[in-house]
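> Just passing along the structure, written as structure tokens.
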Amino acid sequence: MEVSARPAVAVDADSLAALATQVWLHTYATDGVTPSLARYVLQEFTPANFLSLLARTDAQVLVAESGNALLAYATLAFQAARPDGRQGTELATLYVQEHFTGAGLGSMLLGQCRQIAQSRSGDAEIWLTVNARNRRAMDFYRKHGFVRNGTSYFELDGEKHENHVLIG
């Protein structure tokens, strides 16, 4: 399978919304889809929200594709405030469709994100948050040189989900 990466464009919005929904639910709905999870996904991962994201000058979305099928995507947010108060380039999203995990797509996108961060800010350092229960993601980031730099929480309907802040 031949895979390429490129900046996302407006025609990708529908596919990005579907891919984001699939990966997010696989990661967070480990005990089933609750009403609060369903509401969040249906409000957050919409084509309109992706179109707004693609129009921002302080963010960039990259996609990995094979033919016309999206397999993974990454979102960078520039000058994003870290939980420790400093600013830097945030890897806001790195989602790989489950069927393609382990195929090198995450590594490819992460490498390109570091290049973009370097060219945009002069520093290839990226920070991110990852679900504390997502061992596979934490192992991936550790393998790529990220280290834990704190804890943050994703709150949904009053329920806090622990995340680790990583820098690499």
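The values are calculated or read from the model by the stated rules, or taken from the named source; none is laboratory data. Since the structure is predicted, the reported quantities are computational estimates derived from the model, not experimental observations. Using ideal geometry, Cβ is built from the backbone for each residue, glycine included, and neighbour counts are taken over all protein chains shown. Ligands, DNA and RNA are stripped out before the accessible areas are found, and what is left, the full protein with its side chains, is counted by its heavy atoms. Shrake-Rupley method; radii C 1.70, N 1.55, O 1.52, S 1.80 Å.
> For the stretch 76-93, give me each residue that is open to solvent by less than 30 Å² (accessible area, probe 1.4 Å), under 16 Å from LEU110 (Cα atoms) and hydrophobic (A, V, I, L, M, F, W, C). Break it down into steps so the answer makes sense when it comes.
Start the filter on the stretch 76-93 by keeping residues that are open to solvent by less than 30 Å² (accessible area, probe 1.4 Å), which leaves 76-78, 80, 82, 88-89, 91, 93.
From what's left, under 16 Å from LEU110 (Cα atoms): 76-78, 88-89, 91, 93.
Those that are open to solvent by less than 30 Å² (accessible area, probe 1.4 Å), under 16 Å from LEU110 (Cα atoms) and hydrophobic (A, V, I, L, M, F, W, C): LEU76, ALA77, PHE78, LEU91.
> Taking only pairs six or more apart or across chains, which ones have beta-carbon atoms under 7 Å, a first residue in the stretch 51-68 that is of a type in the set (Gly, Ala, Ser) and surrounded by 10 or more Cβ atoms within 10 Å (Cβ to Cβ), and a second residue that is in a helix (DSSP H, G or I) and at pLDDT 95 or above?
Once the first residue is of a type in the set (Gly, Ala, Ser) and surrounded by 10 or more Cβ atoms within 10 Å (Cβ to Cβ) and sits in the stretch 51-68, its partners that are in a helix (DSSP H, G or I) and at pLDDT 95 or above give ALA59/LEU53; ALA64/LEU105; ALA64/MET108; ALA64/LEU109.
> What are the residues in the stretch 139-160 that are at pLDDT 95 or above and touching a strand residue (DSSP E or B) at 6+ places or on another chain (Cβ under 9 Å), if any? So that I can check it myself, show each step before the final result.
First, pick out the residues of the stretch 139-160 that are at pLDDT 95 or above: 139-148.
If the condition is that a residue be at pLDDT 95 or above and touching a strand residue (DSSP E or B) at 6+ places or on another chain (Cβ under 9 Å), then PHE140, TYR141, ARG142, PHE146, VAL147, ARG148 are the ones that fit.
> Cβ-Cβ below 7 Å, separation at least six or inter-chain, first residue in the stretch 81-96 and over 22 Å from GLU44 (Cα atoms) and without any contact (Cβ under 8 Å) to a residue 12 or more places away in the chain, second hydrophobic (A, V, I, L, M, F, W, C) and part of a strand (DSSP E or B): which pairs?
Pairs that qualify, where the first residue is over 22 Å from GLU44 (Cα atoms) and without any contact (Cβ under 8 Å) to a residue 12 or more places away in the chain and the partner is hydrophobic (A, V, I, L, M, F, W, C) and part of a strand (DSSP E or B), are GLN87/ALA80; GLN87/ALA81.
> Of everything in the stretch 13-24, what is without any contact (Cβ under 8 Å) to a residue 60 or more places away in the chain and either open to solvent by less than 50 Å² (accessible area, probe 1.4 Å) or not in a helix (DSSP H, G or I) (or both)? Give them in sequence order.
ALA13, LEU16, ALA17, THR21
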